[in-house]
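Peer 1: Got a structure here, written out as structure tokens. Questions coming.
The values are calculated or read from the model by the stated rules, or taken from the named source; none is laboratory data. Here the structure is a predicted model, which is why all the values come from computation and not from measurement. A quick note on method: Cβ atoms are made from the backbone with ideal geometry, for glycine too, and the neighbour counts reach across all protein chains shown. Protein only, heavy atoms only, side chains kept; ligands, DNA and RNA dropped before computing areas. Shrake-Rupley method; radii C 1.70, N 1.55, O 1.52, S 1.80 Å.
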Amino acid sequence: RRLRQSIRRCEECVAAGNQLVLMTKGRKRSEKDDCPICQLPLPLDPGQSSFRECCMKRVCNGCSVAATRRGMEDCPFCRTPAPDEERALAMIRKRVVAGDPYAMFNLGNRYCFGRYGLEKDTTRAVELYERAAELGVKDAYYNLGALYDNGADVEKDMAKAFRHYEAAAMRSHVFARHNLGTMEHNAGNYDLA
């Protein structure tokens, strides 16, 4: 009985709920943040890795350079020839229809930034990000948080931004943790920051 009583939270802890979970979950990067070839953590700088539409994987530049030095110009992970933009978009759309959450996230990126010949459509991007987030893609939570935080293409909503940043941070998204810390610091909550 004593052990059970010590495990119970006080009323303040229950009221703080999400903050307690946020402080205990997502502190270490997950295995999904590793390069699928060398199994080392992907660099935080997105310019030091590349996304491959053929297999929906992010590969570190070290593995890409090593594959190129061996004479492979194809994808270093799945060995598929590098597609042009039109073919890459078709591959992503095919995977979206199949229900791939990372494909939904990446198609959302294409709509959000108007890439691969698509017109910039933030409404469609938000729909795709929300579907991907429901399926557990932490980058989709982060992008939703950034959209609502900036308020450039959608109505600025700090409550939604905070909620999406929290969800991404609990799934070990480094930049979401940083943004939450900054928001808490700016609000004067230095203990949480």
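Peer 1: Among the residues that make up the range 140-161, is at least one of them assigned to a loop (DSSP other than H, G, I, E, B) and surrounded by 18 or more Cβ atoms within 10 Å (Cβ to Cβ)? Steps first, please.
Peer 2: Of the range 140-161, the ones assigned to a loop (DSSP other than H, G, I, E, B) are 151-157.
Imposing the further condition that a residue be surrounded by 18 or more Cβ atoms within 10 Å (Cβ to Cβ) reduces the set to none.
The answer is no; no qualifying residue exists.
Peer 1: Okay, moving on. Within the group P76, P41, which residue is surrounded by 11 or more Cβ atoms within 10 Å (Cβ to Cβ), under 23 Å from Y165 (Cα atoms) and at pLDDT 85 or above?
Peer 2: Details: P76 fails: under 23 Å from Y165 (Cα atoms).
Criteria check complete, one pass: P41.
Peer 1: Here's something else I'd like to know. I want to confirm something. Restricting to the range 45-73 and keeping residues that are of a type in the set (D, E, K, R) and open to solvent by less than 60 Å² (accessible area, probe 1.4 Å), which single residue is modelled with the lowest pLDDT? Break it down stepwise before answering.
Peer 2: Taking the range 45-73 as the starting set, the residues that turn out to be of a type in the set (D, E, K, R) are 45, 52-53, 57-58, 69-70, 73.
Remaining after also requiring open to solvent by less than 60 Å² (accessible area, probe 1.4 Å): 52-53.
Details: R52: 87, E53: 84.
Result: E53.
Peer 1: Now a separate question. Provide a single number: the residues in the range 93-118 that are out of contact with any Phe, Trp or Tyr (no Cβ under 8 Å at 6 or more places or on another chain) and not in a helix (DSSP H, G or I).
Peer 2: 7
Peer 1: In the set A140, A167, A90, which member is in contact with a Pro (Cβ under 9 Å, 6 or more places away or on another chain), among the aliphatic types (A, V, I, L, M) and within 23 Å of P41 (Cα to Cα)? Give the steps one after another, and end with the answer.
Peer 2: Working: A167 fails: in contact with a Pro (Cβ under 9 Å, 6 or more places away or on another chain); A90 fails: within 23 Å of P41 (Cα to Cα).
None of the other options fit; the residue is A140.
Peer 1: Assuming E130 fulfils every condition listed in (1) surrounded by 18 or more Cβ atoms within 10 Å (Cβ to Cβ); (2) at pLDDT 85 or above apart from one, which condition is it?
Peer 2: (1)
Peer 1: From the list G26, G17, exactly one residue is assigned to a loop (DSSP other than H, G, I, E, B) and either modelled with pLDDT under 85 or under 16 Å from the mean Cα position of the chain (by Cα) (or both). Which is it?
Peer 2: G26
Peer 1: Condition first: assigned to a helix (DSSP H, G or I) and in contact with a Cys (Cβ under 8 Å, 6 or more places away or on another chain). Now tell me which residues in the range 49-82 satisfy that.
Peer 2: G62, C63
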